[in-house]
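Undergrad: Take a look at the following structure, please.
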Amino acid sequence: MTIKFRSRVSTFHASLECLVTPRVTGTIPTSKIDSAHWMIPEGLVLADPKFHIPDKVDLLIAWVDNSWRHHRTTHASNVSPMYVHASVADIERNMQQFWQIEEVPDVPNLSTEEIACEAHFLSTYQRDESGRFMVQLPFNSDLPLLDDCRALALKRFLMLGKRLVRNPELRIQYVDFIREYEALGHCREIMESEDPPNQQSYYLPHHSVLRPSSSSTKCRVVFDASAKSSPSHLSLNEVLHVGPVVQNDLHHIMLRFRKFKVAFTGDICEMYHQEAPPDRRFLRIFWREQPSLPLRVLELCTVTYGTASAPYQATRCLVQFVKEDGENFPIAARIVKEETYMDDVLSGADSVEEAIVARFSYSKMVL
């Protein structure tokens, strides 16, 4: 945009090519200036008589004296214009916004649902003779609407069985997984005929997830707690409290991890395998190793990944473990509290010796 302007007090005038923007600068000055005691000569005509009063800026012009470029050839003042746009909007407001963005957020207040989930955990958890936690599923008020999902789970298992027949290698891995699960006591066979009348229960469909890069289990069985037979029914996940986050966020843990001179990582074995004895009837699956064998019903005995509350229950047990036993392992307690994400550990120390001590303390505490 081209504009023409002239002086209010002389014959000076000029034309300028301008860049039009919604905002040139912020209000200048940012606050009123007391100029009453300034020794401004009488009769001096100011370009802006109200310079001391905050106001918006309509046009920003800068002039550069280029006479130095020609000092070898002429002593005349050679002045050429340069037009500058600067976005120096309210610095205080911008800095405030910057710090709001960069600020680490405070832990949010717990919702009503999260408070109920915490209260349920504290009032129901137990520990057996070995120190293992026993927890109960944190049901919400929608439990009466739970779909038992038996027919759907059976249909999907029969489809799974056909798939395993077509893929012998996958069937072997699947069978090995369930066999190990049962051998470790993570599930047990039950007889449906022994169920009390009108007992509420839930059947979990399940399928495999292949992890070729895994150094241990290539095939992992995943349980579907979101299954339901119709929109009018609710899945297991829909009648469970999710629970609050009780560990540091991964970004915070990664920042701490980067500061160590010597780093180490770890994994908490079987963290999800805390027992859930009263709620096994809500964690049922169909199983048989091949179609010619009788159909079996297994109840999962531990906190089950795939359920909405599992991450909270597993990590909450870890937090409670630190509260109850952490004073015996102060170094490990810090690692569990500040440098553990789910069941993965990202920790370290400033020397090899300190790292060895920390890792030994951590292993002794969690194993």
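The values are calculated or read from the model by the stated rules, or taken from the named source; none is laboratory data. Since the model is a prediction, treat every value here as computed from it, not as a measurement. FYI the Cβ positions are ideal-geometry reconstructions off the backbone, even for glycines, and counts take in every protein chain you see. All accessible areas refer to the heavy atoms of the entire protein, side chains included, with ligands and DNA or RNA removed. Shrake-Rupley method; radii C 1.70, N 1.55, O 1.52, S 1.80 Å.
Undergrad: Quick one: P(r) of the range 327-367 from all Cα-Cα pairs, 10 Å bins, percents rounded to integers, in order of increasing distance.
TA: Computed distribution, short to long bins: 32, 60, 8.
Undergrad: Mind jotting down the distance between the C-alpha centroids of the range 325-367 and the range 144-168, whole Å?
TA: So the separation of the two Cα centres works out to 42 Å.
Undergrad: Give the accessible surface of the range 155-231 per residue, rounded to a whole number of Å², with probe radius 1.4 Å and ligands, DNA and RNA excluded.
TA: On the way: 4760 Å² over 77 residues.
So the range 155-231 comes to 62 Å² accessible per residue, rounded to a whole number.
Undergrad: Compute the signed sum of charges (Lys and Arg +1, Asp and Glu -1) over the other residues within less than 10 Å, Cβ to Cβ, of Gly326. List each step's numbers first, then the result.
TA: Values: positive: Lys323, Arg334, Lys337; negative: Glu324, Asp325, Glu327.
So the surrounding residues net to 0.
Undergrad: Something else now. So which trypsin sites (Lys or Arg not before Pro) in the range 1-64 end up in coil per DSSP with only 10 or fewer other C-beta atoms within 10 Å?
TA: On the way: sites: Lys4, Arg6, Arg8, Arg23, Lys32, Lys50, Lys56; in loops: Arg8, Arg23, Lys32, Lys50, Lys56.
In loop regions of the range 1-64 (DSSP not H, G, I, E or B), the sparsely surrounded trypsin sites (Lys or Arg not before Pro) are Arg8, Arg23, Lys32, Lys50, Lys56.
Undergrad: Another question, if that's okay. Can you list the chymotrypsin sites (Phe, Trp or Tyr not before Pro) in the range 21-64 that are in a DSSP coil and have 13 or fewer other beta carbons within 10 angstrom? If you can, show how the numbers build up before the last one.
TA: Numbers: sites: Trp38, Phe51, Trp63; in loops: Trp38, Phe51.
Of the chymotrypsin sites (Phe, Trp or Tyr not before Pro), the ones in loops of the range 21-64 whose Cβ has at most 13 other Cβ atoms within 10 Å are Trp38, Phe51.
Undergrad: Averaged per residue, what accessible surface does the range 297-367 expose to a 1.4 Å probe, in Å²? Mind showing how you got there, number by number?
TA: Details: 2990 Å² over 71 residues.
Here the per-residue accessible area is 42 Å².
Undergrad: State the percentage of accessible surface on the range 136-241 attributable to carbon and sulfur atoms; use a 1.4 Å probe and exclude ligands, DNA and RNA.
TA: On the way: 3180 of 6030 Å².
Answer for the range 136-241 is 53 percent, counting heavy atoms of protein chains only.
Undergrad: Something else about it: Based on the mean of other beta carbon atoms within 10 Å per residue, what is the order of 238-245, 109-116, most packed first?
TA: Numbers: 238-245: 19.8, 109-116: 12.6.
Sorting 238-245, 109-116 by mean packing, highest first, produces 238-245, 109-116.
Undergrad: Taking +1 at the Cβ of each Lys and Arg and -1 at the Cβ of each Asp and Glu, which of Leu122, Gly161, His186 sits farthest along the dipole of the range 103-197 towards its positive end, judged by Cα position relative to the Cα centre?
TA: The Cα lying farthest towards the positive end belongs to Gly161.
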